[in-house]
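Novice: Let me give you the structure first, and then I'll get to my questions.
The values are calculated or read from the model by the stated rules, or taken from the named source; none is laboratory data. Being a predicted model, the structure only gives us computed values, none of them experimental. Note that each Cβ is placed from the backbone with ideal geometry, even for glycine, and that neighbours are counted across all protein chains shown.
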Amino acid sequence: MSALLEVSGVSKSFDGFKAINNLNFSIGEAELRAVIGPNGAGKTTFMDIVTGKTRPDEGRVIWGEKSRSLLKMSESRIAQEGIGRKFQRPTIFEDQSVADNLMLALRKDRNPLKVLFFTPSEADHNRVATLAGDVGLADSLDRKAGELSHGQKQWLEIGMLLAQEPKLLLVDEPAAGMTPAEREHTTDLLVEAAKTRAVVVVEHDMEFVRRLNCRVTVLHEGSVLAEGSIDHVTSDEKVIEVYLGR
Amino acid sequence: MVRFFCLWLLALCGLLPLQPIQAQSVDAPIQQLLQTHGEIIAKSSRKSIGPAIDALAGSGLPEAQVVLQRWQDKEMWVGKDTGLFVFGDKDGKELLATDVADGSTLGPFVAKDFKQLKPNSGIRGMIAAALVQFQLSNPDPIVRLTALSAIERDAEASHLTALRASIDGEPNADILARKTRLERLLTIQFAEDDVERIAAIKGFDGDLGVDVRAALNPLATTQIVASDTPLTGSDIRGIIAPGSDGFSETDAYALLVADDKAKPIIDPEDQKQILVANINGGSVAGFPVSTLDTQIARDEAYAALAAAGRADPVATQAETATILAGFTFYERYIGAPPNVALAAVAVLSNIENKVAVNQAVDLGLDALSLASIYFLAAIGLAITFGVMGVINMAHGEFIMMGAYTGYVVQLFVPDYTLSIILAIPLAFAVTFAAGVAMERLVIRWLYHRPLETLLATFGVSIALQQIAKNIFGTQARPLTAPGWLDGSLIINDIVQISYIRIAIFILALLFLALFLIVMNRTRLGLEVRAVTQNPRMAASMGINPDKINMLTFGFGSGIAGIAGVAIGLYAKVTSEMGADYIVQSFMTVVVGGVGNIWGTLLGATMVGSLQKGIEWLNPSNTLAAQTYMILFIILFIQFRPRGIIALKGRAAEA
Amino acid sequence: MPKDATSSFGEKYLGGSGGLAPQSVGAKGVETTFIAKHPSVLIFLACLAVFTIGVTILAEGFGIGVISTSFVKTLGKTLCLCLVALAMDLVWGYCGILSLGHMAFFGIGGYAIGMWLMYARTELIVLSSLANAPLPPTPDEITNGIATQIFGVVGASEFPPIWAFAHSLSLQLAAVVIVPGLLALVFGWLAFRSRVTGVYLSILTQAMTLALALYLFQNDSGLRGNNGLSGLQNLPGLDDVPQSAVSLWFFWASALALGAGYLVCTWVVSGKFGSVIRAIRDDEARVRFLGYSVETYKLFIFTLTAILAAIAGALYYPQAGIINPAEIAPIASIYLAVWVAIGGRGRLYGAVIGAAFVSLLSTWFTGGQAPDINIAGVTIQWVDWWTVLLGLSFVFVTLFAPKGIGGLFDLIPRRKGETS
C-alpha cells in the first residue's frame, strides 16, 4: 500500500513546550483513520502542520504519488493539492446561502480571473443540489447558512469538504455537540467518504470512534503512543494509563 | 610747543575773550601728547588717525584711558583759537569745560569758541580697540570679562599685544584661563612668527570649541587656480578635476574666462538680446527671424554676426571642452603660509573626527529623548491595545486633553512649578474619567469587533478634536515649564541636552517602573493579566472582567493625559497635537510588538532613533524624514509582522 | 417595476450573464440576466439618469438656470465622492479590508490629471506671451517659461522628472490608472503577503497615506509642495467655453463614471468572486483551506478599488479647481470610512447614499447655510459644531445602526428574486 501522506520525524515546539515530538504518521489512499489522545497531545497542531498553518521545526511531510513535500506550500496550495480540513467549531460563511457555500467549495479553478468570469453550469447546480442532498440540506439551499442549526452547520461544512473532492480529509471532532441521531448520520457520511479517499478523524469520544470501526492512532505528548484497531489500543497498557484509565 | 606756551600767556594776559577761571595745565604730558597729534586729531579722518590713537594708548599715561573714553563719547572739544583740548559738556550756549589732565573744572566758556571732536564710527571702533588694553587690566572683573567677550567676537591683530600684556597681572584664575586661551587663538590668527602660530595650532589639537574651528578654518582656505603648466610648490594642495564635487565644468570655465584665459560663453538670454538688436529687415545676418526657433539656429546666426564683427566672439560648446582640457586646476592655500595651513588642516581633521564622534553622541541623546516622548505617547495605547485588544483612535485626543488640562491649570495657578505638580494628577484624573466614560459608553459594546472599535473611536476623536477647537480656538496655547527646567545640560560645545528633555526621559522611566509595579506587584495587575489571558476563567474565579476592562482603559487613558502634559511642555498645545502623535504611537506599538511593555520600549527607541537618524542624513527636511521613516516601518512589518517582541506560542498562532 | 419588464430590458441591453446560484431549487438551471438578478442596479441607474437629466435642465449651462454653476460643480464632485465611496465599500464592506488609504489614491488620480491640466494651460499662456517676442521661441525657452510659471512658487524653474509625461493628455490619463494601481499593487503585495490583517492593516494603510501626504508637502517633491496644483477648472484651449458648460460636462462625466463604476462593482460582488471576497471578509483562514489564494483576491480588490478611487479623483479635482497635499491627509480617508459606514457598508447603494448624504450635508453645514441654534443664550454655530455632530453620529451609527442608512431599505418588504 502506497502512502498518500507520510509524516516523519516532525517536531514543533512553542516557547519550549513540545507540542509535537518526533511524530511519525502515514495514511493510505482510501483509508479511514481515527486519531485520539488527551488534551495537549498535539492533535490540532498535527493538523495545522499538515494543512500548512504551522511550520514544523524539523521533519518531513510527504504527499501523494509524486512524493512532494508540503512544507514549502501555502495553505491554499495544500488545499488545492487535495487536502480538506474541517474545524472543530463549524466554520461556514454564515452570511451566505447554503448553495453559495457549496458553490464556493466546489472543485474548480481557484484563479481569481477564472473565478471572476465564472458562470455556473447546469452540472454545477446539479452537483450542489446533490451534495446538499447528501448532507441532508436539500430543502435549505436558499437559506442563509447562519440560520441553520448547529448540526446542520456541521453537515454543511462536511458537504463543503466533499465538494472540494479532496484526496485527504482531516476532520476535527465532527460529532461535538450533536444529537445521537445526528452522530449516526455523521458516522455514515465519514465512512462513505472514506471509501474513495483518505479520512483522518480527530476525536475525543470513544463511542464515536468505536462506531467508525477503523484503525486508531493514539497520540500522547506529541508522538504516537499506539496504533491499531480500537480493541488493540484500548487494551494497550500505556494507553490505558495515560488516557483511558483516568 | 613754544607757540602753545605763547598762547597760554596771551590767555593769561586777558587777550582771549573769555578767560579760564582756573589755569589749564597746558604742559601736562597728556595735553602735550594731544597737541603733538593735534592736527590729525582735529582732522578726524579714519585713514590718518591711527598714529594718534596708538600714541595715546601706548603712552602709558594714566589719563590716556579717560581721554580715549571721552573722545569716543564725543565729549572732547578743542579750542578754536588755542588749539587746546578740553573735556566739555555743552549746556545751551555755554560749554562747561574740564581739564584733560586732572579733570579740574576750567569753567564755562562760549560754546562757539570750541569745536567738538566728532569721531565717526570707524574712528570710534579704533578707539574702542585701543581702549581694550585698559579694560583688560581694569580692576573690575566684569569690565575685564566684557572686554574679553568683545575681543572674542571681533578680534584684531592689535588685541594680541594688549592681551599678552594683561595676562601677567591677572589675579582671577578663571579669567586667566580665558585670557590664555584667547591669547593662543589670537596667536594663531595674528602672530607674525609661523613657528609660534604652528605651536599654537598644535596646542588646540582635539579641542571641540567652535572658536577654535572658527580660528583655524580661514587658515585652511584654498583657492582654485587654473594653469596650463604644472604647478608645484608647498602651497599647492592638489589637483581638482572640473566636474567633481562642488566644482562644475561651468565653474571651471567661468574661472578661465575671469582670468582672461578663454573666450567667454554667452548666456542664451544675452545672445537673444544681441540677435534682437541686430534684426535687419526680418533677418539676422542673413538668417530669417522665423527660422531662429531653435538654439542651434540661433548659435549659427550669432556666429555669423560675430564673424561680421557685429558681436563679440564667444566660445561654442565644443570649444569650451577643448579649452578646459588644456588646463589643470589646482587648489592653493591662500589663508596662511603653507606650513601653517597644513598644520591647521591636520588639526582641523583631528578635531572634525572628534566632532563627528560627539555629534553621534548628541544625536543619540536626541534620539533617546524623542524615544521617551514616543514611549510616553504610546504606553497608554500599548496598555489598551495589548491588554484589551482595543485600538483607541482617540488616544491622541486624550494626550491633547491632558495638555489642555495643564494649560487651564496654569491659567489659575500662576506659579509654574506648583501648576505642573497640580497638572499631572489632574490630567490623569480628567483623562482617566474620559477613558472610563468612553469605555462604558462605546467600547464595551464593541469587544471582539476591532474594526468597529477603531471606527467608533475615530468618531470620538473627530468630535473631541473639534470640541477642543471650539473651546480653545485654533492657535497654539502655551504650557510653560518651570524656570528650573529652562536651559540645557551642556557637556561640551556639541553635546548638550535640554533639561525638559531630561525630565521627559525621567518621566518615561518612572512610567515604565509604575507600569511594571502595577502589572507585577498589585492585585489589579494580577487580575488584568488574568483577564488578558483567559477572560472566562478569570470571571469564574470571581474577577469581574467588566470592571477590569474599565479600569485598564481608564489607566491607559490617564497615562495619555500625563504624557500630554509632558509633551505640551516642550511642543505646542493645539487641538491637533494628538493627531500629530497618533501615527507614531501606533508605529511604536506595532513595531514593538503588541502586549509587551518591553516591546513598546524597544519600538519607541527604534522609531525615535530612526527618525533622528534619517533627519541627520537629511537635516533640511524633517518632512522627508518622517516619510522615509514610515516607509521603513512598512517594510519592517514585512519581516516581523508581529513586532520586535512577538507573542509566541499557540496564543499567537491562533 | 414589473419583473418581466426588467428581464426584457436586461436581455435586450445587457445580454445574458448568468447568476451564481439558482433562485430556488425549482428555478435551477434557468439562465437569468444580470439585470434581472439585480434590479437594484436598474433602479440605481434610472435614478442616476433622472438626476443627471434633471440637473442638466435646471442648470445654467444649457437649461433654465435654477441651479447655479457652483452648485452643479458641488453635485458633480458629490458624484465623484460617491464613486470613491463605492470603491471603499467594495474593499471594506465586501472584502473586509478597512483601508484608510483610498483617499490617497483619489488624490493621486487628481494630481495625475492636474499635472496635464496645469502644464497644457500654462503652455498656452507661455506661447501666447512669447508670440509677440521679436524672435520665435526655442523649445527650451518654452519649457523654461512653463517651468518658471509652474514652479516659481516653490523657488524652482526646472521640471522635476515626474513631469516627464505632463505634456501628453493620454499619458497622464494612463498615469491616473497606472500610478495608483501600481502603488496599490506593491503596497498590497507587501502587506497581504506578510498576513497583516484587521486593525494592523488599517494602521499600515493610514501610515502609507501619511507618508504620501508628508512627501507631497515638501517643496522639492516636484508637485509644488503645499501649494498643490491650481487652476484646474480651466480646460486648456477652451477658454471661450463658459464654466457653466464645462461644469456640466464634468457633471455628466462623473455621472457616467459613477454609473459604470456601479455596474462594475455589482458585477464583481455578485458572482462567485463576490462570494469569495465576502467569505474572506468573514473568515479568511477558512477560505484559504478551501484552496483560494486569499492574498491574490485581496490584492485584486485592493488594486481595483484603488484605480476606481483614482478615476473618481481625476474627475473630482478639475471640478474643485485645486488640489493640495492636505486633501490626502489621513483624515480624508477616515471621512471616507465615515460616509460608507453611515450609508451602510456591504451594500453598494448604501455607500453611494452615505457619501452623497454626508458630503452634501457637510457642505450645507460648513457653508454656513444651516441656521444657528440658540439654546439658553448659547448660540450653536453649525460651522463649528457640525464636525462634533458628525463624529458623534458616527459613533452612534457604529453602535446602534451598523447597517447605516442603507439598512432602512431592509424594512421594505423584499420582492421575490432579489438577492442582496
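Novice: Determine, yes or no, whether C:Val50 is at pLDDT 90 or above and either over 30 Å from C:Asn219 (Cβ atoms) or acidic (Asp, Glu) (or both).
Specialist: On the way: at pLDDT 90 or above: yes; either over 30 Å from C:Asn219 (Cβ atoms) or acidic (Asp, Glu) (or both): yes.
Judged against the criteria, C:Val50 is a match.
Novice: Got a sec? Which of B:Asp228, B:Asp245 is at pLDDT below 85 and within 19 Å of B:Leu348 (Cβ to Cβ)?
Specialist: Working: B:Asp228 fails: within 19 Å of B:Leu348 (Cβ to Cβ).
Just one listed residue meets the conditions, B:Asp245.
Novice: Another question, then. Can you pull out the residues in the range B:233-290 that are among the acidic types (Asp, Glu), out of contact with any strand residue (DSSP E or B) (no Cβ under 8 Å at 6 or more places or on another chain) and not in a helix (DSSP H, G or I)?
Specialist: Of everything in the range B:233-290, those that are among the acidic types (Asp, Glu), out of contact with any strand residue (DSSP E or B) (no Cβ under 8 Å at 6 or more places or on another chain) and not in a helix (DSSP H, G or I) turn out to be B:Asp245, B:Asp260, B:Asp267.
Novice: Scan the range B:219-234 and give yes if some residue there is under 13 Å from B:Ala341 (Cα atoms), surrounded by 13 or more Cβ atoms within 10 Å (Cβ to Cβ) and of a type in the set (Gly, Ala, Ser), otherwise no. Spell out the reasoning first.
Specialist: Within the range B:219-234, the first condition is being under 13 Å from B:Ala341 (Cα atoms), and the residues that meet it are B:219-223, B:234.
Now narrow it down to the ones that are surrounded by 13 or more Cβ atoms within 10 Å (Cβ to Cβ): B:219-223.
Of the ones still in play, those that are also of a type in the set (Gly, Ala, Ser) are B:220.
Yes.
Novice: Could you check, for the range B:424-437, whether at least one of its residues is in a helix (DSSP H, G or I), within 14 Å of another protein chain (Cβ to nearest Cβ) and either crowded, with 24+ Cβ neighbours inside 10 Å or out of contact with any Phe, Trp or Tyr (no Cβ under 8 Å at 6 or more places or on another chain) (or both)?
Specialist: yes
Novice: Next question, about the same structure. Is it the case that A:Phe46 is out of contact with any strand residue (DSSP E or B) (no Cβ under 6 Å at 6 or more places or on another chain) and in contact (Cβ under 8 Å) with a residue 60 or more places away in the chain? Outline the logic, then answer.
Specialist: Values: out of contact with any strand residue (DSSP E or B) (no Cβ under 6 Å at 6 or more places or on another chain): yes; in contact (Cβ under 8 Å) with a residue 60 or more places away in the chain: yes.
Here the answer is yes, as A:Phe46 does meet what is asked.
Novice: Which ones in the range C:363-401 are in contact with a helix residue (DSSP H, G or I) (Cβ under 7 Å, 6 or more places away or on another chain), more than 10 Å from every other protein chain (Cβ to nearest Cβ) and small (Gly, Ala, Ser)?
Specialist: Those that are in contact with a helix residue (DSSP H, G or I) (Cβ under 7 Å, 6 or more places away or on another chain), more than 10 Å from every other protein chain (Cβ to nearest Cβ) and small (Gly, Ala, Ser): C:Gly368, C:Ala370, C:Ala401.
Novice: Determine, yes or no, whether B:Val583 is modelled with pLDDT of 80 or more and either part of a helix (DSSP H, G or I) or farther than 19 Å from B:Phe375 by Cα (or both). Even if it seems obvious, please write down each step before you answer.
Specialist: On the way: modelled with pLDDT of 80 or more: no; either part of a helix (DSSP H, G or I) or farther than 19 Å from B:Phe375 by Cα (or both): yes.
No; evaluated as a whole, the condition is false for this residue.
Novice: Scan the range C:164-187 and tell me whether some residue there is hydroxyl-bearing (Ser, Thr, Tyr), surrounded by fewer than 16 Cβ atoms within 10 Å (Cβ to Cβ) and within 14 Å of chain B (Cβ to nearest Cβ). Outline the logic, then answer.
Specialist: Filtering the range C:164-187 down to residues hydroxyl-bearing (Ser, Thr, Tyr) leaves C:168, C:170.
Checking the rest, the ones that are also surrounded by fewer than 16 Cβ atoms within 10 Å (Cβ to Cβ) come to C:168, C:170.
Still in the running and within 14 Å of chain B (Cβ to nearest Cβ): none.
Checking the range C:164-187: not a single residue is hydroxyl-bearing (Ser, Thr, Tyr), surrounded by fewer than 16 Cβ atoms within 10 Å (Cβ to Cβ) and within 14 Å of chain B (Cβ to nearest Cβ).
Novice: Among the residues of the range B:444-464, is there at least one that is over 21 Å from C:Trp92 (Cβ atoms), of a type in the set (A, V, I, L, M, F, W, C) and at the interface with chain C (Cβ under 8 Å from one of its Cβ atoms)?
Specialist: Initial filter on the range B:444-464 (over 21 Å from C:Trp92 (Cβ atoms)): B:444, B:463-464.
In the following step, the residues that additionally are of a type in the set (A, V, I, L, M, F, W, C) were identified as B:463-464.
Keeping just the survivors that are at the interface with chain C (Cβ under 8 Å from one of its Cβ atoms) gives B:463-464.
Yes, the range B:444-464 contains at least one residue that is over 21 Å from C:Trp92 (Cβ atoms), of a type in the set (A, V, I, L, M, F, W, C) and at the interface with chain C (Cβ under 8 Å from one of its Cβ atoms).
Novice: What about C:Asn234, is it out of contact with any Ser or Thr (no Cβ under 7 Å at 6 or more places or on another chain), within 14 Å of another protein chain (Cβ to nearest Cβ) and at pLDDT below 90?
Specialist: Values: out of contact with any Ser or Thr (no Cβ under 7 Å at 6 or more places or on another chain): yes; within 14 Å of another protein chain (Cβ to nearest Cβ): no; at pLDDT below 90: yes.
For C:Asn234, the condition - out of contact with any Ser or Thr (no Cβ under 7 Å at 6 or more places or on another chain), within 14 Å of another protein chain (Cβ to nearest Cβ) and at pLDDT below 90 - is not met.
Novice: Something else now. Somewhere in the range B:136-144, is a residue more than 29 Å from B:Phe87 (Cα to Cα), modelled with pLDDT of 80 or more and either under 32 Å from the mean Cα position of the chain (by Cα) or in a helix (DSSP H, G or I) (or both)?
Specialist: no
Novice: Among the residues of the range A:176-215, how many are in contact with a Ser or Thr (Cβ under 7 Å, 6 or more places away or on another chain) and part of a strand (DSSP E or B)?
Specialist: Matching residues across the range A:176-215 total 1.
Novice: Taking the range B:101-128, which residues are small (Gly, Ala, Ser), in contact (Cβ under 8 Å) with a residue 60 or more places away in the chain and in contact with a helix residue (DSSP H, G or I) (Cβ under 8 Å, 6 or more places away or on another chain)?
Specialist: Within the range B:101-128, just B:Ala101 meets the criteria.
Novice: Given the structure, is B:Arg501 more than 14 Å from every other protein chain (Cβ to nearest Cβ) and under 22 Å from B:Gly396 (Cβ atoms)? Before the answer, list the steps.
Specialist: On the way: more than 14 Å from every other protein chain (Cβ to nearest Cβ): yes; under 22 Å from B:Gly396 (Cβ atoms): yes.
When the stated conditions are applied, B:Arg501 passes them.
Novice: Right, something else. Taking the range C:216-247 on its own, how many of its residues are outside any helix (DSSP H, G or I), of a type in the set (A, V, I, L, M) and surrounded by fewer than 19 Cβ atoms within 10 Å (Cβ to Cβ)?
Specialist: Total meeting the criteria: 3.
Novice: Condition (residue is of a type in the set (A, V, I, L, M), exposed (fewer than 14 other Cβ atoms within 10 Å of the Cβ) and closer than 30 Å to B:Ser234 by Cβ) applied to the range B:318-329: is it met by at least one residue?
Specialist: Yes: the range B:318-329 contains one or more residues that are of a type in the set (A, V, I, L, M), exposed (fewer than 14 other Cβ atoms within 10 Å of the Cβ) and closer than 30 Å to B:Ser234 by Cβ.
Novice: Of everything in the range A:22-56, what is of a type in the set (Lys, Arg) and part of a helix (DSSP H, G or I)? Give them in sequence order.
Specialist: Filtering the range A:22-56 down to residues of a type in the set (Lys, Arg) leaves A:33, A:43, A:53, A:55.
Across the range A:22-56, the qualifying residue is only A:Lys43.
Novice: Might you check whether a residue that is crowded, with 23+ Cβ neighbours inside 10 Å, in contact (Cβ under 8 Å) with a residue 60 or more places away in the chain and within 21 Å of B:Ala571 (Cβ to Cβ) occurs anywhere in the range B:409-419?
Specialist: For the range B:409-419, residues crowded, with 23+ Cβ neighbours inside 10 Å, in contact (Cβ under 8 Å) with a residue 60 or more places away in the chain and within 21 Å of B:Ala571 (Cβ to Cβ): absent.
Novice: Residue check: is C:Thr122 within 14 Å of chain B (Cβ to nearest Cβ) and either under 27 Å from C:Gln233 (Cα atoms) or surrounded by 19 or more Cβ atoms within 10 Å (Cβ to Cβ) (or both)? Lay out the reasoning, then the answer.
Specialist: Details: within 14 Å of chain B (Cβ to nearest Cβ): no; either under 27 Å from C:Gln233 (Cα atoms) or surrounded by 19 or more Cβ atoms within 10 Å (Cβ to Cβ) (or both): yes.
For C:Thr122, the condition - within 14 Å of chain B (Cβ to nearest Cβ) and either under 27 Å from C:Gln233 (Cα atoms) or surrounded by 19 or more Cβ atoms within 10 Å (Cβ to Cβ) (or both) - is not met.
Novice: Can you tell me which residue in the range A:133-164 is nearest to the other protein chains (Cβ to nearest Cβ), limited to those that are more than 19 Å from the chain's Cα centre (by Cα) and of a type in the set (A, V, I, L, M, F, W, C)?
Specialist: Taking the range A:133-164 as the starting set, the residues that turn out to be more than 19 Å from the chain's Cα centre (by Cα) are A:133, A:136-149.
Still in the running and of a type in the set (A, V, I, L, M, F, W, C): A:137-138, A:141, A:145, A:148.
On the way: A:Leu137: 11, A:Ala138: 8, A:Leu141: 6, A:Ala145: 10, A:Leu148: 15 Å.
Looking at the filtered set, the residue picked out is A:Leu141.
Novice: Moving on. Filter the helices (runs of 4 or more DSSP H) completely within the range C:272-359 down to those with at least 1 residues that are more than 26 Å from B:Pro450 (Cα to Cα) and within 14 Å of chain A (Cβ to nearest Cβ).
Specialist: Working: elements: C:272-282, C:284-289, C:294-320, C:330-343.
In the range C:272-359, the matching helices (runs of 4 or more DSSP H) lie at C:272-282.
Novice: Moving on to the next point. Filter the range A:94-132 down to residues that are of a type in the set (S, T, N, Q) and more than 9 Å from chain C (Cβ to nearest Cβ), then give me how many there are. Spell out how you get there, then give the answer.
Specialist: As a first pass, look at the range A:94-132 and keep what is of a type in the set (S, T, N, Q): A:96-97, A:101, A:111, A:119, A:121, A:126, A:130.
Remaining after also requiring more than 9 Å from chain C (Cβ to nearest Cβ): A:130.
Residues that pass the stated criteria total 1.
Novice: Further question: Which condition does B:Ser575 not pass, out of (1) hydroxyl-bearing (Ser, Thr, Tyr); (2) in a helix (DSSP H, G or I); (3) within 13 Å of B:Met401 (Cβ to Cβ), if it passes all the others?
Specialist: (2)
Novice: Please pick out the residue among B:Ser166, B:Ser149, B:Ser158 that is part of a helix (DSSP H, G or I), modelled with pLDDT under 80 and of a type in the set (Ser, Thr, Tyr).
Specialist: Numbers: B:Ser166 fails: modelled with pLDDT under 80; B:Ser149 fails: modelled with pLDDT under 80.
Within the list B:Ser166, B:Ser149, B:Ser158, the selection yields B:Ser158.
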